[in-house]
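What follows is a set of notes on a single structure, which appears directly below.
What follows is calculated from the coordinates using simple rules that are stated; it is not laboratory data. Just so you know, these numbers come straight off a predicted model, no measurement behind them. Note that we place each Cβ from the backbone using ideal geometry, even for glycine, and neighbour counts take in every protein chain shown.
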Amino acid sequence: MSLANKPTSTRSNPHAKLTHALVTDFVNRCLNREERLVITLYYSEGLTEEEISAILDLPSTRAYEIREDVVSRLRTQLDPSNAKPILVA
């Protein structure tokens, strides 16, 4: 989804912009091809896990497992208690 297609509240909300940037960075840097495909098909295309499994030729529960693992890792990444302190010189 491009920024132009986002709801106005996301475009004008600095916190939402930052969260979107962090999620995009996480998806691009931390996920393998299969994980990116599952996340994109599920959240951007609105497909069910059964449909994704059929497209990617995965066992029916595998798309669910992949999505749950990615969401868990993303939550950990975005959790403020996991933030590294910024050192100012």
About its Cα centre, region 3-77 carries a charge dipole, from +1 on Lys and Arg Cβ atoms and -1 on Asp and Glu Cβ atoms, whose size in debye to the nearest 20 is 560
Between Ser44 and Lys17, what is the label-to-label distance in nm when each label sits 7 Å out along the Cα-to-Cβ direction? 2.2
For the residues Ser12, Ser53, what sequence is obtained by ranking on other C-beta atoms within 10 Å, fewest first? Ser12, Ser53
